[in-house]
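Right, one structure below, let's go through it.
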Amino acid sequence: MNTKDLSVALNTLAYPGLTRTLGELKLISEVKVTDSNAFVELLTVSDDSYLTVKSAIESAFHDQFTSLNITKKQTVQKDINYGNSATPNNRAPYAANVIAVTSGKGGVGKSTVSVNLAIALAQKGYKVGILDADVYGPNVPRLTNTDLEKIRWNDDNKIIPCENYGIKIMSVALTTPTSDTPLVWRSSVAVSALIQFLEDVAWGELDFMVIDMPPGTGDIQLTMAQELPITAGVIVTTPQLVASDDVSRAIRMFQDIHVPMAGLVENMSFFVAPDTGTRYDIFGSGGGARLAERYNIPLLGQIPINMDIREGSDNGEPPVVLGSDTLKSYYKDIVEEMLKAMKFKI
Ligand code: ADP
């Protein structure tokens, strides 16, 4: 097999698990065969895809050559910027502003808030994308009624984001066969996937990229802060958790990694009885305000626990689009507060 034969064969080899070839994905940078020694240089984005492609090539061609040397081209791709969030990389130069939404614990309504804030921004005329980075509980597709969509590529080999309710949407959930398939990923793999979603998705120019972060204070939050200049952090909590260490840790982590804080959203804050209109502060009142004061960040708003929010969200009908005017106003008012609290590039 000479250089030309190997080059043709490599370009027609399928990427493991995909219907596209290495040639179509433009992953082969250089091929050289001298005597029976082959050299192949790959243009892969992440270490994981490099190792995947390398072993596919090795198993297809190892018996054809005395030596088969496969390397990864050192590209203009930035290396992962471990350890520095004060001068982060910018994997999303197309986004004028990046808003990261996080929480101390799961189940507080972080994804619901992320989606409705993203849509409320789009309703004001901004170009908005939402990246579901909650790799261990990716709910954004369900909340935006895009959960039956599958990943599609455009002619430039970029992933086409889903679109609904005026926003562009990308989630790891779209890579799994069904929405309840668990992602059994190490955090390093999750981080590579998210970086790919920042770099290889055809987002177009965005005024705002909203990132629905995983809850807590792990690798993924840290890496995102190192890989993106986050313009604003939003913390979502519930009143029963305001005094917990989890939420304090989430706020302190953002502060420690130099993410400017837009503020706090207290979700499921109170209950208004639908029959009588009486308001009940089930978990007391003022907790969110006290927490915001303690960390010197704004309280952006309080959203009640409400059956229509629950039902609409779980049916892919966001309350900021399809809810009552009162429900819409909770999210719209938070967006106004956020725009007041931070200097965004708009
Ligand atoms: P997280 O992202 O924090 O895990 P989700 O946004 O997935 O949380 O919300 C968890 C559940 O709570 C969902 O069933 C959602 O519909 C519901 N939920 C969120 N906010 C509210 C609210 N204000 N009132 C009632 N239910 C809510």
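FYI, it's all coordinate maths here, none of it is from the lab. Just so it is clear, the structure is predicted and the values come from calculations on it, not from any experiment. A quick note on method: Cβ atoms are made from the backbone with ideal geometry, for glycine too, and the neighbour counts reach across all protein chains shown.
Figures for the structure shown
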| read-out | value |
| --- | --- |
| Shape parameters for the chain, alpha-carbon atoms, Rg then Dmax in Å | 22.9, 86 |
| Fully extended contour minus Cα-Cα distance, from THR19 to ASN315, at 0.36 nm per residue | 103.4 nm |
| Sequence of ILE130, ILE257, ILE99 once ranked by neighbouring C-beta atoms within 10 Å, starting from the fewest | ILE257, ILE99, ILE130 |
| Calculated FRET efficiency for the pair TYR295/ASP47, C-beta based, R₀ 35 Å, to 0.05 | 0.45 |
| Cβ-Cβ FRET estimate between ASP35 and GLU205, R0 fixed at 35 Å, reported to 0.05 | 0.10 |
| Gaussian network model of the chain, Cα within-10 Å springs - most flexible of PRO298, PRO229, PRO161 | PRO298 |
| THR276-TYR94 FRET efficiency (beta carbon distance; Förster radius 56 Å; 0.05 resolution) | 0.70 |
| Cβ-placed point charges (K, R +1; D, E -1), dipole of the chain about Cα centre in debye, nearest 20 | 580 |
| Selection from MET224, PRO260, MET213, by position along the positive dipole direction of the range 205-272 (Cβ) | PRO260 |
| Links that overshoot a 24 Å alpha carbon limit, given the list LYS4/LYS54; LYS105/LYS343; LYS4/LYS26; LYS127/LYS343; LYS4/LYS73 | LYS105/LYS343 |
| Rounded to whole Hz, the Karplus (6.51, -1.76, 1.60) HN-Hα couplings of the range 166-172, x for glycine and proline | x, 10, 8, 9, 9, 8, 4 |
| Binned Cα-Cα distances of the range 193-346, short to long, each 5 Å bin given as a whole percent | 2, 8, 15, 19, 19, 18, 12, 5, 2, 1, 0 |
| Where a label projected 7 Å from the Cα of THR71 along Cα→Cβ would reach, residues of the range 1-43 with amide N under 14 Å | 29-33, 38-43 |
| Sorted by Cβ density within 10 Å, fewest first, the residues MET342, MET170, MET268 | MET342, MET268, MET170 |
| The chain, relative contact order [Cα under 8 Å, separation at least 6], % | 19 |
| Helical mean residue ellipticity (222 nm; -39500 (n - 2.57) per DSSP H run of 4+; nearest 500) of the chain | -9500 deg cm²/dmol |
| Diffusion constant of the range 3-72 at 4 °C, which comes from Stokes-Einstein with the Kirkwood Cα-pair radius and 1.567 mPa s, µm²/s | 109 |
